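Okay, structure first, notes after.
The values are calculated or read from the model by the stated rules, or taken from the named source; none is laboratory data. Everything numeric in this text was worked out from a predicted model, so none of it was measured. Cβ placement follows ideal geometry from the backbone for every residue including glycine, while neighbour counts extend to all protein chains displayed. Side chains included, ligands, DNA and RNA excluded: accessible areas come from the protein's heavy atoms. Shrake-Rupley method; radii C 1.70, N 1.55, O 1.52, S 1.80 Å.
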Amino acid sequence: MKYIPVIGLEVHVELKTESKMFCGCSADYFGKEPNTHTCPVCLGLPGALPVANKTAIEWCIKIGLALDCKISLLSKFDRKNYFYPDLPKGYQISQYDKPFCEKGSISIRSGNNTKTIGITRVHQEEDTGKLIHDIVNEKNVSLIDFNRSGVPLVEIVTDPDFESAGEVINYLKKLQQIVRYLDVSNADMEKGDMRLEPNISLKLSGDQELPRYKVEVKNINSFRFVEKAINYELKRQEELLEIGETPKQETRGWNEKKQITQSQRSKEEANDYRYFPEPDLPPFRFEQSYINELKNGLPELPEQKLYRFQSEFKLTLYDAEILTREIELADYFEKTVKTGKAKNLNPKQIANEIINKKVNIDEISPEVLAGQIQAKFQFTKVDKKELEEAIKKVLRENEKAVKDYRSGKIQVIGFLIGLVRKETAQPIDTLIIKNLLQKELSKQ
Ligand code: ZN
Ligand code: MN
């Protein structure tokens, strides 16, 4: 290959806190009547003062910890200045040079290998309002809904370590899974809980340095679109490079209708935003013990659960991957294993049933499922031949017990059932063994 893709990613994740980032308004705005979740702070009225949401900051730090970041013990908020009608203050409260979390990493799947992607930073900021372009009294108008204004966002920035759209998608799926396991965001793409901005460039194979340009594609809200946008850009840029041009450093947008990216504006530099420390919020100083506490409070993360399921339950990677994809399903599986133990079910049988039958975990309780699997085993999975042979062997080797039974001590059948059970590889219902044993014993 002549060119190597150089791709980095910015992801904005909306947190599902009860209240907004810097005021007490409800952050549960989706589908609500416009401009009903607002106050002077999130409307940016003069003199209104922000108060930081402690839960949001803890969740931001948890995301950082789950991504193996270093947590800054000294941190602060900054103002990012720009003009846009959905930003009432004229600036966004964000973090510039002292983000909560920096220098992490995550391992992702790339083909049959795993690959480490560097996490540059994880910082906290606030969402903007929403512009709605509509027609009122036959006039084109732009309406603004400030319900989303000030909802907590966490921005996760990677190093430019991806070399294909496929790697980006694997990362995004994993990130989505992690924030859901942490229970800090629904990460629902359709609702805009996760917005994606890949930056894409190409370098000549063998080049050690990063390319001198990069193209950022803004605000994509679907994994499929991000894949298409990246592949489109790689092709477009290669064609430019091939005729000796350098692609322009710019921001582009994905046009789903035309299946192309389109130039929006030339890319801002950080100094265009005139970042400066937010004067209305004092800096943060964290104790290491507090960070440790947050770290110890993290739940078992997807990767740890995946490995544990393979070793503890002897599952294949494939099965373990499906069962740990969502934490609800993983919990359901473990509960079924627990109740299934008393019924002699092994985890593998339970995994098969859940995966192959696509069990609806909202409708069938783990207890009921375990019962169903047990019933199925009694009547369909008994290998009759194997069972008959086991019975014959046991009767051959236990002449005394057989004699006893035939002379009227019928309670020895319990002892014989136990021996047959040991002979057969799979759990078989007692009643079935008993019936066959009785039949065999009455033959002479
Ligand atoms: Zn508010
Ligand atoms: Mn941002």
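Laid out as a table, the results:
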| read-out | value |
| --- | --- |
| From the options Glu423, Glu386, residue that is over 12 Å from Glu440 (Cα atoms) and out of contact with any helix residue (DSSP H, G or I) (no Cβ under 8 Å at 6 or more places or on another chain) | Glu386 |
| Test: residue in the stretch 298-311 that is modelled with pLDDT of 95 or more, of a type in the set (D, E, K, R), under 21 Å from Ile61 (Cβ atoms) and open to solvent by 60 Å² or more (accessible area, probe 1.4 Å) | no |
| Residues that are within 16 Å of ligand 1 (Cβ to nearest atom) and assigned to a helix (DSSP H, G or I), drawn from the stretch 140-187 | Phe146, Asn147, Arg148 |
| Enumeration of residues in the stretch 66-87 that are away from ligand 1 (no atom under 16 Å from the Cβ), farther than 30 Å from Asn292 by Cβ, in contact (Cβ under 8 Å) with a residue 24 or more places away in the chain and not polar (S, T, N, Q) | Arg79, Lys80, Tyr82, Tyr84, Pro85 |
| Within the stretch 80-101, tally of residues that are within 13 Å of ligand 2 (Cβ to nearest atom), within 25 Å of Ile119 (Cβ to Cβ) and not in a loop (DSSP other than H, G, I, E, B) | 4 |
| Gly129 open to solvent by less than 40 Å² (accessible area, probe 1.4 Å), of a type in the set (Gly, Ala, Ser), within 25 Å of Pro40 (Cβ to Cβ) and more than 16 Å from the chain's Cα centre (by Cα) | yes |
| Test: residue in the stretch 107-114 that is more than 16 Å from ligand 2 (Cβ to nearest atom), outside any strand (DSSP E or B) and in the same structural domain as Asp193 (by TED's automatic domain parsing) | yes |
| Failed criterion for Gly44 (all others in (1) on the phi > 0 side of the Ramachandran plot; (2) open to solvent by 40 Å² or more (accessible area, probe 1.4 Å) hold) | (2) |
| Filter result for Ile63 (in contact (Cβ under 8 Å) with a residue 60 or more places away in the chain, out of contact with any Ser or Thr (no Cβ under 7 Å at 6 or more places or on another chain) and within 15 Å of Phe284 (Cβ to Cβ)) | no |
| Condition met for Val6 (over 19 Å from Ile144 (Cα atoms) and open to solvent by 20 Å² or more (accessible area, probe 1.4 Å)) | no |
| Some residue of the stretch 157-164 being assigned by TED's automatic domain parsing to the domain that holds Lys20, under 27 Å from Gly44 (Cβ atoms) and surrounded by fewer than 22 Cβ atoms within 10 Å (Cβ to Cβ) | yes |
| Checking Glu190 against (1) part of a helix (DSSP H, G or I); (2) at pLDDT below 95; (3) open to solvent by less than 60 Å² (accessible area, probe 1.4 Å), the condition it does not meet | (3) |
| Those residues of the stretch 27-41 which are open to solvent by less than 50 Å² (accessible area, probe 1.4 Å) and closer than 20 Å to Asp188 by Cβ, in sequence order | Ala27, Tyr29, His37 |
| Selection from the stretch 1-51 of residues that are more than 10 Å from ligand 1 (Cβ to nearest atom) and outside any loop (DSSP other than H, G, I, E, B) | Tyr3, Ile4, Pro5, Val6, Ile7, Gly8, Leu9, Glu10, Val11, His12, Val13, Glu14 |
